[in-house]
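Read through the structure below, which is laid out as structure tokens, and then see the notes.
The values are calculated or read from the model by the stated rules, or taken from the named source; none is laboratory data. Only a predicted model underlies this, so the values are computations on that prediction, with no experimental measurement involved. Glycine also receives a Cβ, built like all others from the backbone with ideal geometry; neighbour counts cover every protein chain displayed.
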Amino acid sequence: MANKENKIVIKNGRVIDPANGIDEITDIYIKDHTIERIGGRKNFQGYEVIDATDKIVIPGLVDMHVHLREPGNEESETIHSGARAAVEGGFTTICCMANTKPFIDNAEGVRFIYDTAADADCWVYPLAGVTKGLQGKELTEMTDIAYAGAIAFSDDGNPIEDGQLMRNALNYAKMLDMTITVHEEDKYLAQNGHMNEGEISGKLGMVGMPPIAESVMISRDLQIAEYIDAPLHICHVSTAKSVGLIREAKAKGIKVTAEVTPHHLILTDKSVADSEFDSNFKMNPPLRTDDDVKALREGIADGTIDAIATDHAPHALHYKDRDFNNAPFGIVGLETALGLILTELVHTKIIDIPQMIELMSLRPSQIYDLPSGTLSKGAFADITILDIDQEWTVDSSKFKSISRNTPFNEWKLKGRNVLTMVGGEVLVNRMK
């Protein structure tokens, strides 16, 4: 991000900032990369003017679950290409997972992410492994990692199967005032499956991953978190049972937060069959049933689910373009998430724009204690401007991400970011 001084005013937009209770037509003044003020006396002299009439101006989106592949698999994604894809999709902050090669499981790895991302297009914050090598056997040097700047701990991609190790990890994280972020999957129940276990997998003759493989682990970890009164964040929730467990836990006062992905809110296991085993529909957790999608949507509408995260998982074509059983799990999501949520959830009135901002900006920032998700005076001018009625078609060949593995190619969407600003610098401008 550039360091030049700047003065910009975004005028006449509908400014929505749930953190400060703002929802009004007003102006935002930006000076030297931060927000100078919102509203007040109109004085555009000396400012570059961006006219946001009929647009919605919101805090930049925050994706709390991204795989950037660097170090080790730069042919699928790099920190810089992932950041470029992020701003293209309206995200100004992304949080990257530790399952790189080598793993981000020590202080040196954390510093590598920050050093490499210093001139990236958006803010990049690393999570670090809970266990060495993400193998679930021995805890990392969590104190050193925390002091190096990791924002949370996660073995994402791998569950922590040892209950005592999970208890110890939560205890250490609690002492450090940090969060353990978990991929909930009982590998034995999941039985190396390739899609959801159910009616569809039975008809297709495909080895399935039963929904209880997720919910059993969630139940265990909620009990451990309750026992030691520690915060727990649950990645990519995918089943109705899981939503119910989280809802009950929150009612009891357990310190749990949870995220869901756009693809789990929109697609089902029937999509696998309809696609004739297109490997772009293979992800973990797998796509579930209509009932699960309904429960997930209810969960974000009533606040049980705290955040929408992409689980952006890029794979180079020669990895992903294989038969369904042999293809890796995962899809890219940074450049489609906003359009999908606007089209499938906002325009259908399942959630409104302020709720979307909470789910995709404010709550992720709060969960990981990040300096984002708000348009407060003095905050970095990380801003996304929306045209919620602009129609566009997903074209994966034009992605800024190095990888193209999406099930949403050629989908017609309604609503997108027309401007993305990071630290007062305009990096995407599609304003008309």
statement: Exception for Gln366 within (1) in contact (Cβ under 8 Å) with a residue 60 or more places away in the chain; (2) within 20 Å of Ala258 (Cα to Cα); (3) out of contact with any helix residue (DSSP H, G or I) (no Cβ under 7 Å at 6 or more places or on another chain) falls at (1)
- request: Return a yes/no flag: does the range 198-208 have any residue that is at pLDDT 95 or above, under 21 Å from Ile104 (Cβ atoms) and assigned to a strand (DSSP E or B).
  value: no
- request: Collect the residues in the range 237-261 that are in contact with a Ser or Thr (Cβ under 7 Å, 6 or more places away or on another chain) and within 23 Å of Gly339 (Cβ to Cβ), keeping them in residue-number order.
  value: Thr261
- request: Considering only the range 91-196, give the helices (runs of 4 or more DSSP H) lying wholly within it that have at least 3 residues that are at pLDDT 95 or above and farther than 21 Å from Leu232 by Cα.
  value: 107-116, 187-190
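Residue-by-condition table, conditions (1) in contact with a strand residue (DSSP E or B) (Cβ under 9 Å, 6 or more places away or on another chain); (2) buried (at least 24 other Cβ atoms within 10 Å of the Cβ); (3) farther than 23 Å from Met97 by Cα:
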{"position": "Ala316", "(1), (2), (3)": "no, no, no"}
{"position": "Asp321", "(1), (2), (3)": "no, no, yes"}
{"position": "Val332", "(1), (2), (3)": "yes, yes, no"}
{"position": "His347", "(1), (2), (3)": "yes, no, yes"}
{"position": "Pro354", "(1), (2), (3)": "yes, no, yes"}
{"position": "Met360", "(1), (2), (3)": "yes, yes, no"}
{"position": "Phe399", "(1), (2), (3)": "no, no, no"}
field: Verdict on Asp144 being over 21 Å from Asp115 (Cα atoms) and among the acidic types (Asp, Glu)
entry: no
- request: Taking only the range 36-59 into account, find how many residues are part of a loop (DSSP other than H, G, I, E, B) and either under 31 Å from the mean Cα position of the chain (by Cα) or not basic (Lys, Arg) (or both).
  value: 11
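Table: residues versus (1) at pLDDT 95 or above; (2) crowded, with 22+ Cβ neighbours inside 10 Å.
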{"residue": "Arg404", "(1), (2)": "yes, no"}
{"residue": "Leu413", "(1), (2)": "yes, no"}
{"residue": "Met421", "(1), (2)": "yes, yes"}
{"residue": "Met431", "(1), (2)": "no, no"}
